[in-house]
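Here's the structure we're looking at; comments come further down.
The values are calculated or read from the model by the stated rules, or taken from the named source; none is laboratory data. Keep in mind the model is a prediction, meaning the values are calculated, not measured. With ideal geometry, Cβ positions are generated from the backbone for all residues, glycine too; neighbour counts draw on all protein chains shown.
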């Protein structure tokens, strides 16, 4: 077999068959969670073909008449009836069959001895909690810990990551899992088919940082009106090839053929970057001044000190300190205009909401925080603006927002949103917000490490929990209603 993993599974299957005098193969006819039918594996059909003496396919397997080697269980209830007339496969089967008979007799499930303790009791409590119109400890309410753990007190932190607050704004339950409970997905590099978006982003960021630093060291950076030279293009390509080799050594590139295609795409993006960068510098009249500007963080591996943490006095909360790394800071010749650029290598789709809300309901907080950090460093006489720059063909080398953000323009909305986030965390409120549903699933769940922890009908669950009055500030933050109301007064 071509795939090593498939070959291992095949050998394990054959070994299991050889280990017993009698073996039973089975497959589920349906998935109760997704409400979809299931199909037998090719190995199941292979065994059925041998037993029947004729080719068996998914299409005709269920049409076979009564034969001694095939037993069909029409439904879960049919399976429970079988347990009642024959012997249970295990203790679990016996318990479920007993519970089924109890319910068939019209007895309350809560009074069954299995519901008195153990897993069934917890499962019933879980379902009751999820069905309630109030947030419970089963679905993100840890308000019992309010004031009892530093993990809920943002004011006690030396510095906060903007992305952590963005996580709470996107889905508070995800914040609970990763930032409060410290849960993380297990890495399985052997299953990686292509370089992850995170690895790709780090690679591109590293290449661009080295490229700009090299230009600064050689004093070869172009003026705002000058394009990059052919020598610059060759040097950028050389840096990219070095990074490709490093990624291969670290084993993060995935399958060889797909990696080749990805390398070509990255090289094409980097080449186009230089043309787009020339247009950007000419438009804003700036040239690169700083790269990888660290603030609120320890010294870099090279021993370079960073800037102080960005501080903001949030009304009703207090002074919060933020940390981060600004990818690039450009200055105009007068030194009075600074443009902070945050490179992005993905799609622009999730940033479109910034057109109507500069912080996207709390999901985009980095730009205002970058302006605070750089304003403190450059001085109040410098105008500091910031924007996301999508440095790939998929992002069309677009700048979002088209007119870079200045803190004075978004201060009111920023303070309101960050205040809501800080208070929600302090109160211990972490509901699961799946976002909108499209053909790929729920927008907040597609790349979430905790996707499998949430119920399949999470949209209904979220709609029900919105009745909890404690979540109204969060809901208003998402829609921007609170700030609209303030503006009408």
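Points worth noting:
- Pairing each residue of segment 332-354 that is under 22 Å from residue 394 (Cα atoms) with any residue that is at pLDDT below 90, provided the two are 6+ apart or on different chains, yields no C-beta distance under 9 Å.
- Enumeration of residues in segment 304-325 that are assigned to a strand (DSSP E or B) and within 21 Å of residue 413 (Cβ to Cβ): 310, 311, 312, 313, 314, 318, 319, 320, 321, 322, 324
- Residue in segment 205-213 that is touching a helix residue (DSSP H, G or I) at 6+ places or on another chain (Cβ under 7 Å) and under 24 Å from residue 447 (Cβ atoms) present: yes
- Qualifying residue in segment 385-403 (condition: in a helix (DSSP H, G or I), buried (at least 22 other Cβ atoms within 10 Å of the Cβ) and in contact with a helix residue (DSSP H, G or I) (Cβ under 7 Å, 6 or more places away or on another chain)): no
- Any hit, segment 4-24, residues being closer than 27 Å to residue 455 by Cβ, at pLDDT 80 or above and out of contact with any strand residue (DSSP E or B) (no Cβ under 9 Å at 6 or more places or on another chain): no
- Counting the residues of segment 80-135 that are closer than 29 Å to residue 429 by Cβ and assigned to a helix (DSSP H, G or I) gives 14.
- Among the residues of segment 245-302, those that are closer than 22 Å to residue 403 by Cβ and assigned to a loop (DSSP other than H, G, I, E, B) comprise 285, 286.
- Residues that are part of a helix (DSSP H, G or I) and under 35 Å from the mean Cα position of the chain (by Cα) within segment 23-72 comprise just one, 42.
- Looking only at segment 144-156, residues that are surrounded by fewer than 18 Cβ atoms within 10 Å (Cβ to Cβ) and closer than 12 Å to residue 429 by Cα come to 3 in all.
- Of the residues making up segment 286-296, none is modelled with pLDDT of 95 or more, over 24 Å from the mean Cα position of the chain (by Cα) and farther than 23 Å from residue 388 by Cα.
- Residue selected from segment 452-474 under the condition in a helix (DSSP H, G or I) and in contact with a helix residue (DSSP H, G or I) (Cβ under 8 Å, 6 or more places away or on another chain), by the criterion surrounded by the fewest Cβ atoms within 10 Å (Cβ to Cβ): 453
- Residue within segment 367-384 that is touching a helix residue (DSSP H, G or I) at 6+ places or on another chain (Cβ under 8 Å), touching a residue at least 40 places away in the same chain (Cβ under 8 Å) and part of a strand (DSSP E or B) present: yes
- Helices (runs of 4 or more DSSP H) contained in segment 157-221 and holding at least 1 residues surrounded by fewer than 21 Cβ atoms within 10 Å (Cβ to Cβ) and in the same structural domain as residue 465 (by TED's automatic domain parsing): 162-170
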